[in-house]
Amino acid sequence: MRVVSTRIELREWKRAHLKKGQSIGFVPTMGALHQGHLSLVEQALKENDFGACSIFVNPTQFNNPEDLENYPRTMEEDLAMLESIGCHLVFAPPVTEMYPEGEDQSRYEVHYGHLETIMEGQFRPGHFRGVGLIVGKLFDLIEPQRAYFGEKDYQQLLVVRKLVDTLHQPVEVIGCPIVRESDGLAMSSRNLRLNTQQRDKADFIYQSLRKAKNHLVGSTVSETEALVKEHFTSQQDFELEYFIIADANSLETPDSDHPKSPLVGCISAFAGPVRLIDNMILFP
Ligand code: AMP
């Protein structure tokens with residue numbers, strides 16, 4: 001496995017290794033890797049000649065400086081995990097390499113419409129502009145044929161699809177299933193920041209999604225949203241930020257209380273200062 005930190009080294013690796021027609025499957029991450037990330041890299045390795053992963057805690061997607069500062073950084077362990085599954089290339093640049101002074105970034109200024117103003121976009125203003133900026137740059141540098149994103153960040157997956165469409169980047173964006181702990185908690189780098197009591201109870205979020213799915217069978221979208229909100233008021237460990245049921249393809253508000261198209265339930269909740277997100281397809 002080769003680990004590089006500059007654009008020049010990246011270009012040299014490609015020149016030395018990539019023969020005509022060979023493909024790179026790429027997984028962008030912010031590190032503190034877990035089985036969720038590794039499942040994406042494994043799929044990339046299976047479907048391409050080479051698997052590449054980036055590790056970069058992207059400052060432009062953090063609206064909260066404390067969150068950026070406290071974001072876990074475990075580079076040595078990350079590299080050992082990637083090596084153990086046979087990843088070929090890791091790009092781990094410093095901030096100055098991705099954001100050199102004076103670089104023209106206007107190409108990456110995409111308008112995402114309602115996708116950037118609802119849910120994550122509403123509570124983390126500017127977040128998706130930062131995601132689009134870094135992912136667009138990474139795609140231009142790495143030039144993967146395929147890129148793998150977790151459905152854990154459902155809204156992000158739709159934003160990246162729109163980015164690629166708008167910039168005409170020749171990369172296939174592939175969504176991959178959420179990997180969960182045995183109690184149902186979606187794996188996340190942020191889980192490392194939960195204390196023992198919070199961790200013990202954190203399946204509450206997943207259970208709320210399951211409750212919503214069961215409830216929706218016999219009731220309306222708005223009744224189900226209200227049920228989940230109510231469920232959160234019955235306990236004190238987690239504070240609900242939002243729970244929204246949306247059209248799974250567009251994230252638009254469903255146009256009736258009994259829609260026929262696929263629906264996703266998206267949730268964000270705080271355990272103390274730790275913000276956790278999750279989602280589940282609720283219908284069909
Ligand atoms: P992050 O390092 O949090 O930016 O995540 C990098 C990629 O891993 C994103 O595409 C995430 O959606 C994906 N990912 C994170 N957690 C999971 C999970 N539990 N299951 C599947 N994919 C995940």
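Throughout, read-outs are computed from the coordinates displayed, never taken from laboratory work. Remember, it's a predicted structure, so these values are computed and weren't measured experimentally. Note: ideal-geometry Cβ built from the backbone for every residue, glycine included; neighbour counts use all protein chains shown.
Could you give the length gained by full extension between E9 and S23, i.e. 0.36 nm per residue of separation minus their alpha carbon distance, to one decimal place? Show your work: numbers first, answer last.
Details: separation 14, 0.36 × 14 = 5.04 nm, distance 1.84 nm.
Stretched fully, the E9-S23 segment lengthens by 3.2 nm.
Using the empirical formula 2.2 N^0.38 Å as the baseline, the Cα radius of gyration of the chain reaches a ratio of 1.03. Residue-wise HN-Hα couplings along region 165-170, as the Karplus relation 6.51 cos²θ - 1.76 cosθ + 1.60 with θ = phi - 60° gives them from phi, are 4, 5, 8, 6, 7, x Hz; Gly and Pro carry x. Spin-label model, D165 to N63: label points 7 Å out along the Cα-to-beta-carbon direction sit 2.3 nm apart. The HN-Hα couplings worked out from phi for region 231-238 by the Karplus form 6.51 cos²θ - 1.76 cosθ + 1.60 (θ = phi - 60°) are 4, 5, 6, 7, 9, 10, 7, 10 Hz, whole numbers, x standing for Gly and Pro. If you look at the Cα atoms of region 189-278, you get an Rg and a Dmax of 13.8, 42 Å.
Proximity of backbone amide H atoms, modeled 1.01 Å from N, is registered between R2 and L89, V90 at under 5 Å, excluding neighbours fewer than 5 places apart on the same chain. Considering only Cα-Cα distances, which of the following residue pairs are longer than 21 Å: K201/K229; K162/K211; K19/K46; K152/K211; K213/K260; K20/K46? Where the Cα-Cα span goes over 21 Å, the pairs concerned are K162/K211.
Remark: region 83-94, residue by residue, has Karplus-estimated 3J(HN,Hα) of 4, 5, 9, x, 4, 8, 9, 10, 10, 10, x, x Hz, where x stands for each Gly or Pro and the curve is 6.51 cos²θ - 1.76 cosθ + 1.60 at θ = phi - 60°. Averaging 1/r over each pair of different alpha-carbon atoms in region 1-154 and inverting the result gives 16.3 Å, the Kirkwood hydrodynamic radius. Within region 63-112, the percentage of alpha carbon pairs spaced more than 12 angstrom apart rounds to 78%. Under 5 Å between amide hydrogens, built in the peptide plane, is the criterion, and for C176 it picks out F149, G150, E151 among residues at least 5 positions away or on other chains. Taking amide H atoms as placed 1.01 Å from N in the peptide plane, the amide H of S54 lies under 5 Å from those of V27, T29, F91, each 5 or more residues away in sequence or on another chain.
For a modelled paramagnetic label at S261, 7 Å from Cα along Cα-to-Cβ, the residues of region 145-165 in reach, with backbone nitrogen under 15 Å, are 158.
Neighbour counts of other C-beta atoms within 10 Å: give me S54, S222 arranged from fewest to most.
S222, S54
If you filter region 179-279 for GluC sites (Glu not before Pro), then keep DSSP loop positions with at most 14 other Cβ within 10 Å, what is left?
Answer by residue number: E252.
Per residue, the Cα convex hull of region 86-234 amounts to 176 Å³.
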